[in-house]
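This report concerns only the one structure given below.
The values are calculated or read from the model by the stated rules, or taken from the named source; none is laboratory data. In this text, all values refer to a predicted model and were calculated from it rather than measured experimentally. Cβ sites come from the backbone with ideal geometry, for glycine too, and all protein chains shown count toward neighbours. These accessible areas exclude ligands, DNA and RNA; they are computed on the full protein's heavy atoms, side chains included. Shrake-Rupley method; radii C 1.70, N 1.55, O 1.52, S 1.80 Å.
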Amino acid sequence: MVEDFDQIFISLFNAKNNLVAGDFFSKSWDSEFMRYNKRSLGLKYVRKEDKTHLEIVTSVSKGRFARQVIQGIEGNQGPYRLQGAQGETYILVLAGTESIYIDGVKLSRGQDKDYIIDYNAGLLTFMPTRLITKDKRITVEFQYSDKQYVRPLITTQLNQQWGSGTFYVRYFNESDAKNQPLQ
């Protein structure tokens, strides 16, 4: 897809280290706690050894998270307009950040699959493989660009294995820099 072409990055790596500069997804490792998946622009350092796994990310978050429950209309496949977290109606959805569920089942993007999405207009259309009724529970999670403030993102993850146990440390900080508006 043309929308996915904006993921430009440089990666320098060897057997144990990896440094990424540019556009990337910053996401939590498999864990029951503190799950996240953020589209970012910045630096990511990863070090993997036998029993130690470390990741440090310092970046600018490209968007805000929103979760929307859509009430389906009987026989209407769409388009359904996505809204921002504060009810904004005309938003720019960040490509590849969406997760769409119908009755708890995650859907796949594509014209030959379950849905298509117009990222620029924030419109979601379901394919005929998934008929929409008023009884369907549709949940959409996505990130969108609000273009108001710089949003610094700092994350750190450390996994250390000792014998049969594993020690986890996670740190996540994202906030609006209110003194640095984009416009």
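A few comments on the model shown:
- Whole-Hz couplings from phi, Karplus 6.51/-1.76/1.60, listed for the stretch 8-25; x for Gly and Pro: 10, 8, 10, 10, 10, 8, 9, 4, 10, 10, 8, 10, 10, 10, x, 8, 7, 9
- In the stretch 57-145, chymotrypsin sites (Phe, Trp or Tyr not before Pro) in a DSSP loop with at most 15 other beta-carbon atoms within 10 Å: 90
- Stretch in the chain that is longest and holds no GluC sites (Glu not before Pro) that DSSP places in a loop and that have at most 16 other beta carbons within 10 Å: 89-183
- Long-range Cα-Cα pairs in the stretch 1-107 (distance over 19 Å), rounded percent: 60
- Rolling a 1.4 Å probe over the protein heavy atoms of the chain, with every protein chain left in place, gives an accessible area that is 54 percent carbon and sulfur.
- Think of a 1.4 Å ball rolled over the protein heavy atoms: the chain then has 61 Å² of accessible area per residue.
- Rg [Å, one decimal], Dmax [Å, integer] - the stretch 72-183, C-alpha atoms: 18.7, 56
- Among the listed pairs 27/113; 27/136; 16/113; 38/136, those beyond 32 Å (Cα-Cα): 16/113
- Distant-in-sequence amide H partners of residue 176 (H built 1.01 Å from N, under 5 Å): none
- Each residue of the stretch 76-84 is assigned a 3J(HN,Hα), and the resulting list reads 9, 7, x, x, 10, 7, 7, 10, x Hz, derived from the Karplus form 6.51 cos²θ - 1.76 cosθ + 1.60 (θ = phi - 60°), x at Gly and Pro.
- Ranked order, 123, 153 - accessible area, probe 1.4 Å, largest first: 123, 153
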